[in-house]
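Enquirer: Next up is a structure, given as structure tokens.
Read-outs: derived from the displayed coordinates by stated rules, not from any lab. Bear in mind the structure is a predicted one, so any value in this text is a computation, not a measurement. All Cβ positions, glycine included, derive from the backbone under ideal geometry; neighbour counts span all protein chains shown.
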Amino acid sequence: MLGASTAYGDNFIDYHSPGRQPHSGVWNPRDIQNYWESYVRGRKYLTFLSTPAVNTENSEVYTRGWLEKKDPFTQTDLLANEEEQVQELILEIRTSPSICHGEILATRLVTLFYDAKEEDFANLGIVVGSLRNFYNFFQLHTDLKCPTISLTPDNNIYASWRVDQKKVFSVLFLPNGDTRFVIFKPNDLHPERQIRISGTATTDILMHTVAPYGVWDWISE
Amino acid sequence: MKGDPIPDQHHIARLCRPKYISDEKIQASAFMVRVGKESLSVNWLEFLKSSSRENEIAELQNIYSKKFNKVEVRAQIAVLNVGEVREKVLAESPDRRNLKVLHNPEINDPSHSGIYNLRHDDEIIIAELILETVRETYPARK
């Protein structure tokens, strides 16, 4: 588990107040753009966390910047590396022309990243494998409506498409390329009853797997 | 006492952190259990012996503020009826899952309890069913 930040070496993540950033609340697209610009300027410092996120309650604002490392590989490096991947994937989601609602999705993911970090600084924010799986799903299906996104206790991505409380399609994106899904929908022959289906499928065949249940009709545009 | 089942007519509360909330609505992920944990943490409201639901929530907010380093301003408390949760999941889960809701007191949190018999391989259908039984929500901090 990456949460055990003391497991290797003596390098600890350095969270500190930036002092130079206004406390602006939830990340907005401009924040992501700022990050992107600083990122491409040379990657000496990553300033992904230089802007406060969702915390509007006068708590400390956290900045993270790290210099290129010359030390042997440590747990901190591993965490940093995975966080870099998370950052890159979120930027990919934002900028990919094939991902529908990329801007909204990216902003929401950044918010969730901060929410998870606020709960426990030592964790990854979002599990990179889960995020990659989510990204792949949206690359495969370019006309999806924007889902409601949350994180599981283990910081995997959970996406739900809900229509008038009667139809639900929810997907848990696991780090290994699998998804777990659930479908709740009305039983047309017995309106007082509900059809409930759940299962597991790899991301690439998920939509094929659930197609017989008419899911596409209510999650695509 | 530890391990006592909570009566069906009683109520439990679940602390829902912001990562489980979207547009101020609690999501099913709030009712999934962390890998390696046996149960979903809740609090037994009637155990607090407060005179009203509002007082129970106020007491719970005090407990959270002492127990956790931080309770986020966007965190919420979901209140559930024990019998309704158990009946819903028993009747509508594919394997007719019989959830147990047991008192599991902690030193700094005597009303702490757990929902047991959740599993990781089919967690989301159970979580979605539990979500449908949420009837009341409150802020998790004053």
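Enquirer: State log₁₀ I(q)/I(0) for segment A:127-221 at q = 0.12, 0.14, 0.15 Å⁻¹ as given by the Debye formula over alpha-carbon point scatterers of equal weight, solvent excluded.
Expert: Here the Debye-derived log intensity ratios amount to -0.36, -0.48, -0.55.
Enquirer: Also, quick follow-up: Measuring from centroid to centroid over Cα atoms, what is the spacing of segment B:20-62 and segment A:168-221 in Å?
Expert: What the calculation gives is 28 Å, centre to centre.
Enquirer: With labels modelled as points extended 7 Å from the Cα through the Cβ direction, what inter-label distance (nm, one decimal) is found for B:His10 paired with B:Glu24?
Expert: 3.2 nm
Enquirer: Shifting gears a bit: Any idea what the dipole of segment B:1-133 comes to, in debye rounded to 20, about its Cα centre with Lys/Arg Cβ at +1 and Asp/Glu Cβ at -1? Numbers along the way, then the final one.
Expert: Working: 19 positive and 21 negative charges, 90 e Å.
The dipole of segment B:1-133 has a size of about 440 debye.
Enquirer: May I ask you to evaluate 6.51 cos²θ - 1.76 cosθ + 1.60, the Karplus curve with θ = phi - 60°, for each residue of segment A:193-210 and list the ³J(HN,Hα) values in order in whole Hz, giving x for glycine and proline?
Expert: Rounded to whole hertz, the list is 10, 10, 9, 10, 10, 9, x, 10, 8, 5, 4, 5, 10, 4, 5, 5, 5, 9.
Enquirer: Run through all the Cα pairs of segment B:52-96 and give the fraction in each 10 Å bin from 0, expressed as whole percent.
Expert: The calculated distribution, bin by bin, is 22, 34, 25, 19.
Enquirer: Turning to a different aspect of this structure: If every alpha-carbon in chain B counts as one equal scatterer, what log10 I(q)/I(0) does Debye give at q = 0.08 1/Å?
Expert: -0.19
Enquirer: Once both axes come from the Cα atoms, what is the angle between helix B:82-92 and the longest principal axis of chain B, in degrees from 0 to 90, rounded to 10?
Expert: 20 degrees
Enquirer: OK, next. Shielding of B:88-100 by partners, i.e. mean partner chain Cβ atoms within 10 Å per residue? Kindly include the intermediate steps, with their values, before the conclusion.
Expert: Numbers: counts 0, 0, 0, 0, 3, 2, 3, 0, 0, 0, 0, 0, 0.
Across B:88-100, the average partner-chain Cβ count within 10 Å equals 1.
Enquirer: Considering every residue in B:117-126, what mean count of other chain Cβ atoms within 10 Å of its Cβ is obtained? Mind dumping the intermediate values first?
Expert: Numbers: counts 0, 0, 0, 2, 3, 5, 6, 11, 10, 2.
For this peptide, the per-residue mean of nearby foreign Cβ atoms is 4.
Enquirer: How shielded is A:182-189 by partner chains, expressed as the average number of their Cβ atoms within 10 Å of its Cβ atoms?
Expert: Details: counts 9, 2, 5, 0, 0, 0, 0, 0.
Whole-number average of other-chain Cβ neighbours for A:182-189 is 2.
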